[in-house]
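Asker: Structure below; questions to follow.
Derivation of every value follows stated rules applied to the coordinates shown; laboratory data play no part. If you're wondering where the values come from, they're calculated on a predicted model, not measured in any experiment. When we count neighbours, we look across all protein chains shown, and the Cβ atoms used for this are built from the backbone with ideal geometry, even at glycine.
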Amino acid sequence: MLLEIKGKGLTISNYLEDLVTKKARKLERYFKSDTPVKVVLSIEKSRQICEVTVPFYDGTILRVEESGGDFYGSIDGSLKKLERMIRKHRTRLEKGLHEKAYTYEEPVFVEDEPLLEEEEAKLVRRKTYPTKPMSVEEAEMQMELLGHEFFVFVSSESNEVNILYKRKDGDYGLLEPEE
């Protein structure tokens with residue numbers, strides 16, 4: 001496991017870096033030795049945030065985020081969430097845990113642009129991500145792993161772009177293009 005620790009808007013002390021390294025090493029049993037694990041620590045107002053991202057096999061990305069009053073709780077919480085996520089989806093992820101845990105370069109994200117104070121809403125962030133045809137079940141799993149409320153994917157059945165979203169009642173909805 002290749003651990004990368006970064007601070008967003010802050011400098012990471014040696015003590016904090018050692019703490020993250022020690023806690024994250026407990027996850028080594030789930031990944032190959034060359035699997036990158038990116039940990040980003042940031043502060044927003046009074047919240048201290050720990051975000052962990054693991055590019056996984058076949059374009060799957062494991063991502064968790066935890067915030068709290070201190071980094072210690074945020075780090076513990078995010079790594080526990082990641083482990084629970086792996087265990088919950090174990091049967092689907094198991095085939096790639098050790099065999100092909102990292103098969104592509106890290107996804108390319110355009111850097112955040114500073115938010116300008118104006119009356120009109122502006123595009124402030126753009127993301128790109130690798131796509132591959134997948135079933136609705138795979139898209140559901142990927143959306144849960146990322147912790148998002150919606151997920152855009154190419155359907156393996158129709159080869160069309162679909163949008164899967166989480167409804168307020170906890171169920172899922174699917175938007176499919178009409179012919």
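Asker: Over the alpha-carbon set of the stretch 2-97, divide Rg by the Kirkwood Rh and report the Rg/Rh ratio to two decimals.
Answerer: 0.97
Asker: Further question: Taking neighbour counts of Cβ atoms within 10 Å as a proxy for exposure, in what order, fewest first, do T128, T21 appear?
Answerer: The fewest-first ordering by Cβ neighbours comes to T128, T21.
Asker: Next question. Just list whichever of K23/K88; K23/K166; K22/K127; K81/K132; K8/K32; K6/K32 have alpha carbons separated by over 24 Å in the model shown.
Answerer: K23/K166; K22/K127; K81/K132; K8/K32
Asker: Between H148 and T11, how many nm apart are label points set 7 Å from Cα along the C-beta direction?
Answerer: In this crude spin-label approximation the distance works out to 3.6 nm.
Asker: For a paramagnetic label modelled at 7 Å from the Cα of K80 toward its Cβ, which residues of the stretch 1-24 fall within the zone defined by backbone nitrogen distances under 17 Å?
Answerer: 20, 23-24
Asker: Expressed as a whole number of Å, what is the distance separating the alpha-carbon centroids of the stretch 1-59 and the stretch 137-179?
Answerer: Each part reduced to its Cα centre gives a spacing of 28 Å.
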